[in-house]
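The next block holds one structure in the form of structure tokens; read it before the comments.
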Amino acid sequence: MSCRLREGHRVFVVREQIDFRAGFDKLSMLVREKMKMELIEGDLFLFLGKNRKRLKSLCYDGTGLILISKRLERGRFMSVADFEEDELSVEELNYVISGGVVRRKYFGERALQAAAEPLFSNNGFAGERTEHRSAAQAGHLPSR
């Protein structure tokens, strides 16, 4: 599954773990109260649970709220604490939804620019190719 958002839409990770019985009202209240943001701007908000097997996302499409729920059959989603930033790019969102782990080469505003390429891992699924590079191998640290 992948999400296609319109230009200018932003994706935010909600740092508070949720009870997955929560629906539209509870999740929209968390966005307003905890994040001090409004859903009507069209941004997508990503919620993760304690056991990391499920995630929910909530956004407003102009006509109403959309609530998406996903459960992984194997593996786990990233922990809320593992996200380096509260805002993700759409590419990073798609990778998180697929059960991947996002690690950025750059931080802050530079990480959200199109030139910044995230480093991904496949969360240890068997049979899938994993590429691991140290910062020195990637050319981001001076060699000794």
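Readers should treat all values here as calculations from the given coordinates under stated rules, not as data from a laboratory. Remember, predicted model here, so these are calculated numbers, not experimental data. Heads up, the Cβs are rebuilt from the backbone with ideal geometry, glycines too, and the neighbour counts pull from every protein chain shown.
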Local electrostatic count, R10, Cβ distance below 9 Å [Lys/Arg +1, Asp/Glu -1]: -3
- prompt: In nm, what is the difference between 0.36 nm times the number of residues separating Q17 and S69 and their Cα-Cα distance?
  reply: 17.3 nm
message: I need F83, F47 ordered by Cβ neighbour count within 10 Å, fewest first.
response: F83, F47
